[in-house]
Structure formats: structure tokens, C-alpha cells
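Here is the structure we will look at, set down as C-alpha cells.
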Amino acid sequence: MSSEFDELQELVIADMRKVYSEISIDHAMNPRNVGSIPVADGFGSVMGPCGDTMEIWLKIKNGVIVEDTFWTDGCGTSIASGSMITELAKGKNVTEALKISADDVLNALEGLPDESIHCALLAANTLAEAVRDYLALKNEPWKKAYRKQ
Ligand code: FES
């Protein structure tokens, strides 16, 4: 039974390899940094034009992202993009993180099909919103106590 499942999984992955890079498949199948951060320093939630949502949580110390996590109800490439952008942002200061673009995600994933490029853009937009949220909270820290996230 399990060998039939393994064979089927191999066939599915062989099909994916025709379209996606090895690194994209790896991040989609084994996503890094999944989940939420309680009492995050920054939070972003963005719905893309496809109707899928991504959320990113940031923990920031001395202006540097020390922990970041994501969640999405989107497609496999949105999972790969969220996984990759949280890897790219970790250890960066907030100014550097704001500059991480969809192209950076696409390059790190060694490209995505044209119809999936907006998934990388969703990840970049969500990270930017989380950083902007951090910057807004920094200016008005009393609001942190009233956040839902
Ligand atoms: Fe909606 Fe990829 S994020 S199709």
C-alpha cells in the first residue's frame, strides 16, 4: 500500500519537475517558517487578485528580523513563495526587508511559470505590509496592546 503511494507521489513529482525548479518543489513540499508568532512585532495580511491570502508575522530585535513566519490558503507556488520570502527576510534589517521584491523571490526559486508570478508578488506585498505594520507600531507602541494578532 505504502509503495503504491510512494510510486504515485514519484509520478506527481516527476510531472512537477517538468514545470517547476527543484528548489520550488522543495519549498512547496517542505515549507519553512510556517505558522504564526504570538504577540508579533509586525503582521501583514494581503489578499491577492486570485482571492488567496497570505499572512506574515515578524519578530524584530534592534531593527533586525530575528524570526518570521507565514501562512497562506493559496496554491503550491504561494506556499513556496511564502517559505522563500521568510527565508530571504530572516536576519535582514527592516530597510533591507522592505526592498525584497517579487523578482528576488522568483530568482531565489529559480523562476516560476508566468501564471504563478503573482504568487511571488503576493509574498512580497505581504512582507512589505508586515514591515510597515512594525514601523507604524514603533511610532505608536500603545496600539500593540489592542492588536488581534
Ligand atoms: Fe493564488 Fe497562487 S496565490 S494562485
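The values are calculated or read from the model by the stated rules, or taken from the named source; none is laboratory data. Worth saying up front: this structure is predicted, and the values here are computed from it rather than measured. Note: ideal-geometry Cβ built from the backbone for every residue, glycine included; neighbour counts use all protein chains shown.
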Identify the single condition in (1) exposed (fewer than 13 other Cβ atoms within 10 Å of the Cβ); (2) assigned to a helix (DSSP H, G or I) that Gly51 does not satisfy, given that it satisfies every other one. (2)
List the number of the failed condition for Lys138; all other conditions in (1) closer than 30 Å to Asp15 by Cβ; (2) in a helix (DSSP H, G or I); (3) not polar (S, T, N, Q) hold. (1)
Pairs under 8 Å by beta carbon, first residue farther than 14 Å from Thr72 by Cα in region 96-125, partner among the polar types (S, T, N, Q) and part of a loop (DSSP other than H, G, I, E, B), six or more apart or different chains? Leu109/Ser21; Glu110/Ser21; Gly111/Ser21
Could you grab me the full set of residues in region 47-78 that are in contact with a strand residue (DSSP E or B) (Cβ under 6 Å, 6 or more places away or on another chain) and either within 16 Å of the ligand (Cβ to nearest atom) or closer than 13 Å to Cys119 by Cα (or both)? Met47, Thr53, Met54, Glu55, Ile56, Phe70, Trp71, Thr72, Asp73, Ser78
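Considering each residue of region 84-116, count those that are assigned to a helix (DSSP H, G or I) and farther than 23 Å from Leu135 by Cα, and give that number.
Looking only at region 84-116, we keep the residues that are assigned to a helix (DSSP H, G or I), and these are 84-89, 94-98, 102-108, 114-116.
Those left that are additionally farther than 23 Å from Leu135 by Cα: 103, 106-108, 114-116.
Qualifying residue count, region 84-116: 7.
Being modelled with pLDDT of 95 or more, surrounded by 21 or more Cβ atoms within 10 Å (Cβ to Cβ) and either of a type in the set (Phe, Trp, Tyr) or closer than 20 Å to Ala108 by Cα (or both) is true for just one of Ile65, Ile23, Ile60. Which residue is that?
One residue alone meets the criteria, Ile65.
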Sort out which residues of region 120-143 are among the hydroxyl-bearing types (Ser, Thr, Tyr) and more than 10 Å from the chain's Cα centre (by Cα), and write them in order of number. Tyr134
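Can you confirm whether region 110-120 contains a residue that is surrounded by fewer than 24 Cβ atoms within 10 Å (Cβ to Cβ), in contact with a Pro (Cβ under 9 Å, 6 or more places away or on another chain), farther than 15 Å from Ser36 by Cα and of a type outside the set (Lys, Arg)? Lay out the reasoning, then the answer.
So the first thing to find is which residues in region 110-120 are surrounded by fewer than 24 Cβ atoms within 10 Å (Cβ to Cβ), and the list is 110-118.
Adding the requirement that they be in contact with a Pro (Cβ under 9 Å, 6 or more places away or on another chain) leaves 118.
Restricting the remaining residues to those that are farther than 15 Å from Ser36 by Cα gives 118.
Subsequent filtering for residues that are of a type outside the set (Lys, Arg) retains 118.
Within region 110-120, one or more residues are surrounded by fewer than 24 Cβ atoms within 10 Å (Cβ to Cβ), in contact with a Pro (Cβ under 9 Å, 6 or more places away or on another chain), farther than 15 Å from Ser36 by Cα and of a type outside the set (Lys, Arg).
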Kindly check whether there is at least one residue in region 28-46 that is under 15 Å from Gly111 (Cα atoms), surrounded by 14 or more Cβ atoms within 10 Å (Cβ to Cβ) and within 13 Å of the ligand (Cβ to nearest atom). yes
Which residue out of Asn107, Asn125 is surrounded by 12 or more Cβ atoms within 10 Å (Cβ to Cβ), away from the ligand (no atom under 12 Å from the Cβ) and among the polar types (S, T, N, Q)? Asn107
